[in-house]
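*Asks:* Please read through the structure below; I'll follow up with questions.
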Amino acid sequence: MKEAIILLNNHLREVFEKSTTWFIILLCVQILTIILVIYIYLEIENSNYHYYMNTKNSLESIFKVSIDSYDGSIGKNLTTEDILIRKQNRKWHLKYLFK
């Protein structure tokens, strides 16, 4: 019985030593993948923003109106509550969270 427990202990130690390196490699690959996905998302979001702002500026100059860059509606005077809601939404947006 004592020999079986010793053999089991040695076998478990060998399996753990072999699997920790694979576990560490897998963890590093997943972290790099998550970083790559976040980077790609931010780059796409950035390009969409520039495209939107260029279109917005063109429409403003053609039609002589002010367009709100937050939701695309015609510009208006904002209440304090609207300003606070926009600031709160911006703070937790992924684009501004990692910059």
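The values are calculated or read from the model by the stated rules, or taken from the named source; none is laboratory data. None of these values were measured; they are calculated from a predicted model. No Cβ is skipped: glycine too gets one built from the backbone with ideal geometry, and neighbour counts run over all protein chains shown.
*Asks:* Being within 30 Å of residue 68 (Cβ to Cβ) and at pLDDT below 80 is the filter here, so list the residues in the range 1-52 that pass it.
*Replies:* Within the range 1-52, 45, 46, 47, 48, 49, 50, 51, 52 meet the criteria.
*Asks:* Kindly indicate which of 32, 12, 42 is farther than 30 Å from residue 97 by Cα, of a type in the set (A, V, I, L, M) and assigned to a helix (DSSP H, G or I).
*Replies:* Every option except 12 fails the conditions.
*Asks:* Can you find a residue in the range 78-95 that is at pLDDT below 75, under 30 Å from residue 39 (Cβ atoms), surrounded by 10 or more Cβ atoms within 10 Å (Cβ to Cβ) and aromatic (Phe, Trp, Tyr)?
*Replies:* Within the range 78-95, none of the residues are at pLDDT below 75, under 30 Å from residue 39 (Cβ atoms), surrounded by 10 or more Cβ atoms within 10 Å (Cβ to Cβ) and aromatic (Phe, Trp, Tyr).
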